[in-house]
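Colleague: Take this structure first; my questions come after.
Coordinate-derived values only; no laboratory data. What you see is a predicted model, and the numbers here were worked out from it, not measured in a lab. Here Cβ is always computed from backbone atoms with ideal geometry, including for glycine, and neighbour counts include all displayed protein chains.
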Amino acid sequence: MRTPALGYEDVEDSGLVRCLAHGLPSPLVRWHFHDEYELHLITATSGRAFVGDWIGPFEPGHLVLCGPRLPHNWVSFEVPEGGTPQRDLVILFHHGPIAHAAQQIPELREVLQLLDRARHGIEFFGMEAAARAHWHAVKAARGLRRLAAFCDLLADLAACTDYRLLSAVQLQGVECEGQVDQINEVVNRIMARVSEPLSLADIAAEMGMSESRFSRFFRRATGNSFTDFVSHVRINSACHLLMQTDHYIADICLQVGFNNVANFNRRFLEIKGMTPSEFRRQAESRFEGAVKSV
């Protein structure tokens with residue numbers, strides 16, 4: 001239930017646009033999808049983001065617009081003891097009223113391309129301060145003034161040219177809440193056991209499914225095969241270690257669950273388009289030597 005106790009606005013106190021703010025831990029931090037668009041700004045912690053079939057890092061300032069029924073989740077690492085009071089600022093809104101209004105109001109039509117792109121998930125760059133200011137402006141307003149503040153936000157998002165699309169496929173989620181819980185459980189198991197051997201057969205058995213049924217279920221929900229999904233999670237974990245530690249690449253390979261360096265290097269090149277050594281060198285250059293080279 002989207003109650004004020006979880007950080008949502010009261011349904012009776014909002015219209016087309018609803019604001020949400022929550023900290024961590026929170027029951028809202030889970031693999032899920034819904035019928036609304038979701039503009040999601042991370043304000044604290046870093047970790048791993050899941051948007052459709054895309055898996056990648058996030059940190060404060062990460063701003064993403066997810067389209068309807070596009071599965072998503074943000075999993076934080078190294079959370080301070082006791083959690084954090086605010087991690088997420090979110091704006092939720094439905095497609096129908098905007099699309100219908102655009103038929104009569106030409107000025108709204110410029111936002112329709114933005115909404116179409118959002119079905120893949122859009123990550124915006126350089127908009128943290130503006131997005132935060134827009135969120136507070138929308139949150140503070142009511143009635144027509146809230147709609148005006150929301151349109152101001154949409155105009156900035158539609159005009160932004162520094163963005164990327166995240167999910168290669170336009171996933172539409174799974175069929176029921178029970179299946180959402182199942183895939184959330186699987187994703188959490190993978191995240192918790194990334195350094196351990198992960199067998200499709202074992203996970204399928206734990207979920208009470210045949211291997212073929214589990215494979216179909218997992219691909220339909222995430223857009224990835226189980227093997228590819230695990231590889232993406234492991235490679236992104238390796239990227240974090242390459243940037244944040246001076247561990248040897250051979251050690252990182254084992255820490256993220258690969259059993260030999262050759263396979264690790266091959267998968268890293270396939271997913272990131274460069275070798276682990278090249279990635280570390282680029283990270284060093286970007287962050288002015290914040291990590292040591294190996």
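Colleague: Rank by packing, highest mean first: peptides 78-86, 153-161, 181-189, with packing defined as the count of other Cβ atoms within 10 Å averaged across residues.
Modeller: By packing density, highest mean first, the sequence is 181-189, 153-161, 78-86.
Colleague: Sticking with this structure for a sec: Return the whole-Å distance between the Cα centroid of the range 1-60 and the Cα centroid of the range 142-163.
Modeller: The range 1-60 and the range 142-163 have Cα centres separated by 18 Å.
Colleague: Considering amide H positions built from the backbone, and no H for Pro or chain starts, which residues 5 or more places from Trp54, or on another chain, come under 5 Å of its amide H?
Modeller: Counting only residues 5 or more places away or on other chains, the set is Ala168.
Colleague: Hey, another quick one. Run lengths n ≥ 4 of DSSP H only: what is the helix-derived mean residue ellipticity at 222 nm for the chain, with -39500 (n - 2.57) per run over all residues, to the nearest 500?
Modeller: Result for the chain, helices only: -13500 deg cm²/dmol.
Colleague: What ³J(HN,Hα) values, in whole Hz, does the Karplus curve 6.51 cos²θ - 1.76 cosθ + 1.60 give for the range 88-97 when θ = phi - 60°, with x put for Gly and Pro?
Modeller: Values, residue by residue: 10, 10, 10, 10, 10, 7, 9, 6, x, x Hz.
Colleague: Given H placed 1.01 Å from N in the peptide plane, which residues other than close sequence neighbours of Thr84 have an amide H under 5 Å from its amide H?
Modeller: So Thr84 has HN proximity to Leu24.
Colleague: Using the Karplus equation 6.51 cos²θ - 1.76 cosθ + 1.60 (θ = phi - 60°), what ³J(HN,Hα) coupling, rounded to whole Hz, does each residue of the range 119-131 give in order, writing x for Gly and Pro?
Modeller: Going residue by residue, I get 5, 9, x, 10, 9, 9, 10, x, 10, 4, 4, 5, 5 Hz, with x marking Gly and Pro.
Colleague: Pop the C-beta distance of Thr275 and Val79 into the FRET formula with R0 = 22 Å and round what comes out to the nearest 0.05.
Modeller: It comes to 0.10.
Colleague: Continuing with this model, one more query. Loop only per DSSP, at most 15 neighbouring Cβ atoms within 10 Å: give me the chymotrypsin sites (Phe, Trp or Tyr not before Pro) in the range 108-137, ordered by residue number.
Modeller: The qualifying sites are Phe125.
Colleague: Please give the length that would be gained between Ala140 and Thr3 if that part of the chain were fully extended, namely 0.36 nm times their separation in residues minus their C-alpha to C-alpha distance (nm, one decimal).
Modeller: Result: 47.5 nm gained on full extension.
Colleague: Could you sort 37-49, 225-237 so that the peptide with the highest average Cβ count within 10 Å comes first and the rest follow in order?
Modeller: Averaged packing, sorted descending, gives the order 37-49, 225-237.
Colleague: Output the 0 to 90 degree angle, nearest 10, between the alpha-carbon long axis of helix 261-272 and the longest principal axis computed from the alpha carbons of the chain.
Modeller: Roughly 20 degrees, rounded to the nearest 10.
Colleague: Kindly express, to the nearest 10 degrees and within the range 0 to 90, the angle between helix 177-192's C-alpha long axis and the longest C-alpha principal axis of the chain.
Modeller: For 177-192 against the chain, the angle is about 40 degrees.
Colleague: Right, another one. Would you kindly state how much longer the chain becomes between Phe125 and Leu200 on full extension, computed as 0.36 nm times their sequence separation minus their alpha carbon distance, in nm to one decimal?
Modeller: 23.4 nm
Colleague: Another question, if that's okay. Taking the Cα of Arg219, stepping 7 Å toward and past its beta carbon, and measuring to each backbone N in the range 32-55: which are under 18 Å?
Modeller: 52-54
Colleague: Is the shape of the range 1-88 best called rounded, prolate or oblate, per the rule: a/c under 1.5 gives rounded, else a/b larger than b/c gives prolate, else oblate, with a ≥ b ≥ c the square roots of the Cα gyration tensor eigenvalues?
Modeller: oblate
Colleague: Sticking with this structure for a sec: Rounded to the nearest 0.05, what FRET efficiency do Gln255 and Asp35 give with R0 = 45 Å and r taken as the Cβ-Cβ distance? Could you check?
Modeller: Rounded to the nearest 0.05, the efficiency is 0.70.
Colleague: Additional query: Gln113 to Asp152: extension gain in nm, 0.36 nm per residue of separation minus the Cα-Cα distance?
Modeller: Residue separation times 0.36 nm, minus the Cα-Cα distance, leaves 12.4 nm.
Colleague: Against the longest principal axis of the chain, how steep is helix 276-286, in degrees 0 to 90 to the nearest 10, with axes from Cα atoms?
Modeller: That helix lies at roughly 50 degrees to the long axis.
Colleague: Tell me, what ³J(HN,Hα) does each residue in the range 105-113 have, in order and in whole Hz, if you take phi through Karplus 6.51 cos²θ - 1.76 cosθ + 1.60 with θ = phi - 60° and put x for Gly and Pro?
Modeller: My calculation for the range 105-113 gives 10, x, 4, 7, 5, 5, 8, 5, 5 Hz in order.
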